[in-house]
Amino acid sequence: MRISTFFYLALACVVLSWAACEDDEMMQECSFATPTLAVTDQGVCDPILLRFDNLSAPPAVTQPVLPLDCPEVNPLGRQAEILITGSDQLDLHVYNGTRGILYLQVFGATDCDQDLTPITTCETITDAAIIIGLNGLSAFDNLFIRLDFTEPDGGTFSPEAADFVSLAAYEDSPVGQEVEYGGIDGELTQTGLLKGCDGTTYQRLVMFSCDPGADLDAWINETGLNATERYGGDGGQAAAVDVPPGLDPNTVGPAVSRKRLDRNNDDFIVEEDHIIQLPAEGGGPGTLFDAQDLVPQDISDFMDCLVYELGAGSTMDDDPGSQIVVTMIDSGVEIDGDYNGDGVPDWDNHRNLAFQDAFLQRDELGFDFFFGDDDPDDLLGHGTNTAGALIGNYTGDQPMTVVHHKIFGPDGQSTYFGALVAIYSATDINSDIINCSWGLKDDVRPRAMECAIAYATDSRGIIVVTSAGNDTDDISPGSGATQWPASFGRDYPFVYAVASYQYSDSPDPTKGPILSPAFSNFGSPGNPVVRLAGYLTAKTPRFGTSDFNFLAGTSISSPLVGSAIATSLANTGDLSDFESRLLQSPFFEDKTFGNQYLPICPEAFR
């Protein structure tokens, strides 16, 4: 709060004469305490907010008398003053958390003996968030805002109809960088996608419901935002909705969450469309990609066990029980890659011939959720290596179909929305295993992703194998370093978060391995977030060549475990063969559940 010099129509000037207002001493009585809104500095992503809560109560301070230009006047309305900067123009950000109609008007004043001048007409606002341009401001010493509210049907205001209004102001609203993007809906395909100001999210929100029958479209319409991508299936619904450039998605989200048709329905979820980062091949420690590229002498004792041999390929039988189906959610594959030298791309051996849904078609390798087509061509190398670890180590008796759902674009970035829909698609085609060699780092539990994971694992019995990450962190919930979906491993028995292990001169290799100290994440003692550890590397195709490499990281350990699970399902119909292969190491220091690991070599290395 601060004391503001005001204008002729202030309360004191209403009861006193014009002449009295001209008197300098009397002009001091034309001051009022009003909430103030500071202008956020240019380039600052988190705006300085002035938030009005408890709108059903009368204003807590004495307010100036502003003209009543709007069609609805509410005695519980609010007023504020913008702290001027001398600029001739400002952007006023309005975050509307009311369910009714919000009326807003801005006025300028010079001093108590000057008439108040409207800077804007009365704005009628039903959208969750808008930007109002203010111009010609340099002529004024004071800027004031008046807010009024009504019920959703335009009737008399009631306290239950309004929740909050937040305001922010910039001289120049921050606008992010446009990135190449296609989108997943053919009718709504975009040619670009805007990053949010801070570079951690896209300039849009994910609106979601775990209830497939919820009226998500009605809720979207109520917010006034534009849905550019949409998904609906048996497990839930999701939409990506654009936030106007310059507005803060994190601030728009709470306004959107309040604008719902059924205030008691908790099935509606609003989250930012996070950027999931996956650096290209060669990324260093501290990334979600592989920590190092090993040379043969680093792993000389195990070279005979690091194989790349194509197993039983897919068939046209669409009976889910006739073959093992694994969906790799990654950066796609090098489609023409022929690494075994037979003149046929290796991925064709496991090409999908039988299954389809809204995205995946028969006789396709998968779907590109970033560019919105049937061509999941790898532009990074990561998906080629993880898929190579999967197919090169599969020894099951049943045919194996591998679906490549590409979510990462040319900059190694995925939309959170694309990752969600890819998980749903993998579930809808009745995958046996979903591999996610990536993670979203966020201290806040991602509710929409959890809904997708629960649908896959609890409802459909699908096993989700995911990398634990390469930051030497404890990723247990509450640790401050959570990574999703791996951190769901504690609560969902079918989520296998995989760490990396290796052998060293000490401890004795005959007694067991150690967690890879240079990069592997882990779980807290007694807290089974990370289920087990897989070997740190595998023989996989070197992206862009016909050669092979040995990339080390949990991104590779994860599909090694996935391949062993697929082999067990194919040979025994359950996990018994896989579980019988697991050993325990006393040198994990309780950093993985049960200290379990999957040996890379056969019995001789037990």
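The values are calculated or read from the model by the stated rules, or taken from the named source; none is laboratory data. No experiment lies behind these values; they were computed from the predicted model shown. Glycine gets a Cβ as well: all are built from the backbone with ideal geometry, and neighbour counts include every protein chain shown. Ligands, DNA and RNA are excluded from the accessible area calculation, which covers all protein heavy atoms including side chains. Shrake-Rupley method; radii C 1.70, N 1.55, O 1.52, S 1.80 Å.
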Fill in: Hits in segment 193-221 (condition: among the charged types (D, E, K, R) and closer than 16 Å to residue 178 by Cα)
195, 198, 204
Fill in: Test result for residue 587, hydrophobic (A, V, I, L, M, F, W, C), open to solvent by 50 Å² or more (accessible area, probe 1.4 Å) and not in a strand (DSSP E or B)
yes
Worksheet item: Does residue 218 satisfy the criteria of being surrounded by 23 or more Cβ atoms within 10 Å (Cβ to Cβ) and modelled with pLDDT under 95?
Response: no
Item to complete: Quick one: residue 184 ticks every box in (1) in a loop (DSSP other than H, G, I, E, B); (2) modelled with pLDDT of 90 or more; (3) open to solvent by less than 20 Å² (accessible area, probe 1.4 Å) except a single one, so which number is it?
Response: (2)
Response to the item:
Note on residue 257: of the conditions (1) within 21 Å of residue 102 (Cβ to Cβ); (2) in contact with an Asp or Glu (Cβ under 9 Å, 6 or more places away or on another chain); (3) free of Cβ contacts under 8 Å to residues at least 40 places away in the same chain, unmet is (2)
Worksheet item: Going by the conditions given, is residue 521 at pLDDT 80 or above, farther than 19 Å from residue 486 by Cα, touching an Asp or Glu at 6+ places or on another chain (Cβ under 7 Å) and surrounded by 17 or more Cβ atoms within 10 Å (Cβ to Cβ)?
Response: no
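One line per residue, one yes/no per condition, for (1) touching a His at 6+ places or on another chain (Cβ under 9 Å); (2) surrounded by fewer than 22 Cβ atoms within 10 Å (Cβ to Cβ):
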{"site": "433", "(1), (2)": "no, no"}
{"site": "443", "(1), (2)": "no, yes"}
{"site": "446", "(1), (2)": "yes, no"}
{"site": "454", "(1), (2)": "no, yes"}
{"site": "468", "(1), (2)": "no, no"}
{"site": "496", "(1), (2)": "no, no"}
{"site": "513", "(1), (2)": "no, no"}
Fill in: Hey, residue 376 modelled with pLDDT under 95 and not aliphatic (A, V, I, L, M) or not
no
Worksheet entry | Unmet criterion (only one of (1) outside any strand (DSSP E or B); (2) among the aromatic types (Phe, Trp, Tyr); (3) more than 18 Å from residue 308 (Cα to Cα)) for residue 367 | (1)
Worksheet item: Restricting attention to segment 476-492, which residues are in contact with a helix residue (DSSP H, G or I) (Cβ under 8 Å, 6 or more places away or on another chain), at pLDDT below 95 and not small (Gly, Ala, Ser)?
Response: 477
Worksheet item: In the list 19, 109, which residue meets the criterion of being at pLDDT below 65 and of a type in the set (A, V, I, L, M)?
Response: 19
Discussion item. So the check is Cβ under 9 Å with 6+ separation or different chains; which pairs have a first residue in segment 384-408 that's touching a residue at least 40 places away in the same chain (Cβ under 8 Å) and within 25 Å of residue 440 (Cα to Cα) and a second one that's part of a helix (DSSP H, G or I) and open to solvent by 10 Å² or more (accessible area, probe 1.4 Å)?
Written reply: 389/560; 390/560; 402/349
Worksheet item: Among the candidates 566, 518, 570, which residue alone is part of a loop (DSSP other than H, G, I, E, B), of a type in the set (A, V, I, L, M) and in contact (Cβ under 8 Å) with a residue 40 or more places away in the chain?
Response: 518
Discussion item. Six or more apart or on different chains, Cβ atoms under 8 Å: show the pairs whose first residue is in segment 573-600 and charged (D, E, K, R) and whose second is open to solvent by 30 Å² or more (accessible area, probe 1.4 Å) and not in a loop (DSSP other than H, G, I, E, B).
Written reply: 577/571; 591/474; 591/522
Worksheet entry | strands (runs of 3 or more DSSP E) wholly inside segment 406-506 containing at least 3 residues that are aliphatic (A, V, I, L, M) and in contact with a Cys (Cβ under 8 Å, 6 or more places away or on another chain) | none
Practice prompt. With the condition kept exactly as written, say whether any residue in segment 321-334 is out of contact with any helix residue (DSSP H, G or I) (no Cβ under 7 Å at 6 or more places or on another chain), within 19 Å of residue 551 (Cβ to Cβ) and among the β-branched types (Val, Ile, Thr).
Written response: no
Discussion item. So, in segment 370-400, exactly how many residues are touching a strand residue (DSSP E or B) at 6+ places or on another chain (Cβ under 7 Å), closer than 16 Å to residue 335 by Cβ and either part of a loop (DSSP other than H, G, I, E, B) or not hydrophobic (A, V, I, L, M, F, W, C) (or both)?
Written reply: 11
Worksheet, complete the sentence: Given (1) open to solvent by 40 Å² or more (accessible area, probe 1.4 Å); (2) closer than 21 Å to residue 408 by Cβ; (3) of a type outside the set (S, T, N, Q); (4) modelled with pLDDT under 90, residue 198 misses just (4)
Discussion item. Taking the conditions exactly as written (outside any strand (DSSP E or B), at pLDDT 85 or above and open to solvent by less than 40 Å² (accessible area, probe 1.4 Å)), does residue 45 satisfy them or not?
Written reply: yes
Fill in: Residues of segment 425-455 satisfying the condition of being within 23 Å of residue 570 (Cβ to Cβ) and in contact with a Phe, Trp or Tyr (Cβ under 8 Å, 6 or more places away or on another chain)
425, 427, 429, 430
Worksheet item: Considering only residues of segment 84-111 that are in a loop (DSSP other than H, G, I, E, B) and without any contact (Cβ under 8 Å) to a residue 60 or more places away in the chain, which is least open to solvent (accessible area, probe 1.4 Å)?
Response: 101
Worksheet item: From the residues in segment 541-576 that are under 18 Å from residue 395 (Cβ atoms) and of a type in the set (Val, Ile, Thr), which one is surrounded by the fewest Cβ atoms within 10 Å (Cβ to Cβ)?
Response: 572
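Going by the conditions given, is residue 332 on the phi > 0 side of the Ramachandran plot and touching a His at 6+ places or on another chain (Cβ under 9 Å)?
So residue 332 fits the description; yes.
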